[in-house]
Amino acid sequence: MEIKAILFDVFGTVVDWRTSIAKEACTFGDKHNVSGDWFQFADQWRHAYNSQINEVNRGKRKWISVDEIHKEKLISLLKEYRFPVLNESEICEFNNAWHRLKPWPDAVQGLTRLKSKYTIATLSNGNISLLTNMAKNAGLPWDAILSSEI
C-alpha cells in the first residue's frame, strides 16, 4: 500500500501554541499595565479548550467553535488577571492570538519537503477560519484543511 497523504494535528505538533500565546499575553499585559505569569496564563487558556471539548464529546454541551471556547475563557482570565474593562474589539483582537501562532522552527521546512511527495493536511478540532488564518500567518503549506466543522 502506497502512502499518498499525511494528516497532522496542529496545536503543539506544528505550531508552538504555548510560547506564542505567552508572548502575545505579555505584550497585551504590557499595553494594559498588567503583569503576570504569561506561560501560566497560556496554559489556563488552553486548558479550557480541553475541558470544553470533553463536555461537547460527552453531550453535555452543544458544539461551539474553538474560537468561541477560547473567547469564553479569555473573558474570565481577563478578570482573574485584573485587566481593565476592555471593549469587544480589544477582546476579539486578543482572542485572535490563536490565529497568529508561530510554527516550530523546523515545521515549515519539514512540511514543504513532505508536500513535494505527499498531500499534507490538518486534522484538527480547530475551526476552519482559525486554521486558515494560522496557515497564512505562519506560512504553513497545507494542501487541505480538515476540521471538526466539516
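Quick look at the numbers
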| item | result |
| --- | --- |
| Scope the range 14-47; condition without any contact (Cβ under 8 Å) to a residue 60 or more places away in the chain and in a loop (DSSP other than H, G, I, E, B); matching residues | His32, Asn33, Val34, Ser35, Gly36, Asp37 |
| Qualifying residue in the range 68-81 (condition: surrounded by 20 or more Cβ atoms within 10 Å (Cβ to Cβ) and either in contact (Cβ under 8 Å) with a residue 40 or more places away in the chain or not in a helix (DSSP H, G or I) (or both)) | no |
| Single residue of Asn54, Asn50, Asn95 found to be crowded, with 16+ Cβ neighbours inside 10 Å, part of a helix (DSSP H, G or I) and of a type in the set (S, T, N, Q) | Asn95 |
| Long-range neighbours under 8 Å by Cβ, at least six apart or interchain, first residue in contact (Cβ under 8 Å) with a residue 60 or more places away in the chain within the range 96-123, second of a type in the set (Asp, Glu) and part of a helix (DSSP H, G or I) | Ala97/Glu24; Trp98/Asp67; Arg100/Glu24 |
| Residue match in the range 25-32 (condition: closer than 28 Å to Ser147 by Cα and not polar (S, T, N, Q)) | yes |
| So Arg61, is it in contact with an Asp or Glu (Cβ under 6 Å, 6 or more places away or on another chain) and not hydroxyl-bearing (Ser, Thr, Tyr) | yes |
| Failed item in (1) surrounded by fewer than 14 Cβ atoms within 10 Å (Cβ to Cβ); (2) closer than 30 Å to Asn33 by Cβ; (3) among the acidic types (Asp, Glu), with Asp143 passing the rest | (2) |
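Conditions tested, residue by residue: (1) over 17 Å from the mean Cα position of the chain (by Cα); (2) outside the structural domain of Asp37 (by TED's automatic domain parsing); (3) farther than 17 Å from Phe8 by Cα.
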residue	(1), (2), (3)
Glu72	no, no, yes
Ser76	yes, no, yes
Phe94	no, no, yes
Thr119	yes, yes, no
Asn127	no, yes, no
Lys136	no, yes, no
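The values are calculated or read from the model by the stated rules, or taken from the named source; none is laboratory data. Since the model is a prediction, treat every value here as computed from it, not as a measurement. Here the Cβ is made from the backbone with ideal geometry for all residues, glycine too, and neighbour counts use every protein chain on show.
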